[in-house]
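Visitor: My structure is below; once you've seen it, I'll send some questions.
The values are calculated or read from the model by the stated rules, or taken from the named source; none is laboratory data. Model, not experiment: these values are computed from the prediction. Reconstructed Cβ throughout: ideal geometry from the backbone, glycine too, with neighbour counts over all protein chains shown.
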Ligand SMILES: C[S@@+](CC[C@H](N)C(=O)[O-])C[C@H]1O[C@@H](n2cnc3c(N)ncnc32)[C@H](O)[C@@H]1O
């Protein structure tokens with residue numbers, strides 16, 4: 001985990017562009033979290049907390065999980081600066097080992113594209129959700145302009161829906177909510193949000 005690319009970029013991750021894109025995502029995720037005040041939220045691949053640290057008023061607790069220690073150090077500093085008492089971090093990579101955890105809601109924002117075995121991570125997240133719990137995925141739509149050995153070039157809605165359903169999720173909804181200029185590896189791209197129930 002120490003040598004991953006996110007360790008190197010943690011201190012310069014929060015650029016103006018990423019902050020602006022995060023605002024667009026936060027707006028969309030917030031509308032998914034109405035009536036979630038008594039729920040625990042696990043933000044898998046939280047990074048510096050650009051998304052979930054803007055959601056702390058909507059849920060009971062937030063656990064920010066990431067496989068980069070340095071990303072989490074920045075998230076932790078924000079938690080203390082903002083005085084958030086319901087948010088904490090966990091250094092972990094569920095593709096290696098999933099700790100004994102339970103959550104009402106799991107959020108994955110711009111993380112699935114970085115994980116080679118999509119089905120396996122979705123299965124791990126399914127397993128840790130309570131029955132009736134919700135998975136929210138935000139990611140890029142499939143983009144043929146992108147070709148990188150370590151990154152999925154986005155996802156086709158129908159293929160991802162099929163994988164979510166094979167893993168056991170039901171009530172799967174997915175929609176494209178934003179088109180942006182040079183937002184995915186310097187290419188114009190669109191993002192989707194999906195919500196599924198265990
Ligand atoms: C593009 S950033 C997104 C950060 C944040 N979710 C957001 O939307 O601003 C991807 C994050 O996923 C984390 N990540 C990548 N692979 C991971 C894995 N297997 N387990 C946990 N975190 C992972 C990286 O360390 C990085 O912080």
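Visitor: Restricting to region 122-173, name every residue that is in contact with a helix residue (DSSP H, G or I) (Cβ under 7 Å, 6 or more places away or on another chain), over 26 Å from residue 104 (Cα atoms) and not in a loop (DSSP other than H, G, I, E, B).
Guide: If the condition is that a residue be in contact with a helix residue (DSSP H, G or I) (Cβ under 7 Å, 6 or more places away or on another chain), over 26 Å from residue 104 (Cα atoms) and not in a loop (DSSP other than H, G, I, E, B), then 151 is the only one that fits.
Visitor: Let me ask something additional. Kindly indicate whether residue 196 is buried (at least 20 other Cβ atoms within 10 Å of the Cβ) and under 18 Å from the mean Cα position of the chain (by Cα).
Guide: Yes, satisfied.
Visitor: Do the conditions hold for residue 123, that is, is it within 10 Å of the ligand (Cβ to nearest atom), surrounded by fewer than 21 Cβ atoms within 10 Å (Cβ to Cβ) and at pLDDT 95 or above?
Guide: Spelling it out, it is not the case that residue 123 is within 10 Å of the ligand (Cβ to nearest atom), surrounded by fewer than 21 Cβ atoms within 10 Å (Cβ to Cβ) and at pLDDT 95 or above.
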